[in-house]
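Trainee: I have a structure here, written as structure tokens, and I will follow up with some questions on it.
The values are calculated or read from the model by the stated rules, or taken from the named source; none is laboratory data. Keep in mind that this is a model prediction, so the values were computed, not measured. Note: ideal-geometry Cβ built from the backbone for every residue, glycine included; neighbour counts use all protein chains shown.
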Amino acid sequence: MARILVVDDEEDIGEILKFNLQNSGYEVDTATSAEEALTMELQQYSLFMLDVMMGNMSGYELAMQLRATQTTANIPIIFVTAKSAEYDVLKGFNAGADDYISKPFRIGEVIARVKAVLKRATLQHTSFSAVVFETLVLDPDTKRALIDGHDISLTKKEFEVLHLLLQKPGKVYSREEILARVWPDDAGVLERSIDVSIARMRKKIGCYAAHLVSRSGYGYCFMKSVSE
């Protein structure tokens, strides 16, 4: 699950964004100044949402500092601000913004643009061999599994099983096939191990758990649509 930091000196705006983003499935923290934000463990976030006019340090200055710091340089930034003149928007992008939203905003548009920025950021940091379904990404080169740009902790075998199923959505793999592909050199592994791996994966991949489908008597598959 992606974790977002909202930095805005108007506490009511911060709480509105936090409430609606949490309802959309994100983890959200807030800060009421750039200075407060800089005291936080910023590398843990998947996205920063910044106001511009804030106390001593502006959102522009905060963005430039985030871009200049190795641990936060590649984390996307969205400005959410009342400063909507063309000059202000260009200044925001020059400071390192990935998107710029003017106040007053429509919350539906904010959520849509947050999703788009997170998805774009995830795709930019994965290899050409990565397998992607919506915001779920498995990168065999880096051995990383991500949802909304946020790492999920899969074991080696869980990663390999999910990668196998994701490569051909809709294809049903029997337990025998999965054992042969994922445990080729371990004759002592039981088919029950696959059921355990699937059960654990479902807990870890959250909103995508329903896409891991069991076909009774046949095996498992990853379905793009859970209604299929």
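Trainee: Counting only residues that are at pLDDT 95 or above and under 20 Å from the mean Cα position of the chain (by Cα), which one in region 24-39 is farthest from K119 (Cα to Cα)?
Mentor: That would be T30.
Trainee: Determine whether N56 is among the polar types (S, T, N, Q), under 30 Å from F133 (Cβ atoms) and surrounded by fewer than 16 Cβ atoms within 10 Å (Cβ to Cβ).
Mentor: No.
Trainee: While we're on this one: Restricting the search to region 146-178, which residues are surrounded by fewer than 21 Cβ atoms within 10 Å (Cβ to Cβ) and assigned to a strand (DSSP E or B)?
Mentor: H150, D151
Trainee: In region 170-187, is there at least one residue being assigned by TED's automatic domain parsing to the domain that holds T135, within 30 Å of E27 (Cβ to Cβ) and not basic (K, R)?
Mentor: No, there is no match, as no residue in region 170-187 is assigned by TED's automatic domain parsing to the domain that holds T135, within 30 Å of E27 (Cβ to Cβ) and not basic (K, R).
Trainee: Taking A145 as meeting all but one of (1) modelled with pLDDT under 85; (2) small (G, A, S); (3) closer than 23 Å to K203 by Cβ, write down the number of the exception.
Mentor: (1)
Trainee: Moving on. Does K83 count as of a type outside the set (D, E) and part of a helix (DSSP H, G or I)?
Mentor: Taking the combined requirement at face value, the residue does not satisfy it.
Trainee: Is it the case that some residue within region 89-112 is in contact (Cβ under 8 Å) with a residue 60 or more places away in the chain, surrounded by 20 or more Cβ atoms within 10 Å (Cβ to Cβ), touching a Gly at 6+ places or on another chain (Cβ under 8 Å) and among the β-branched types (V, I, T)?
Mentor: no
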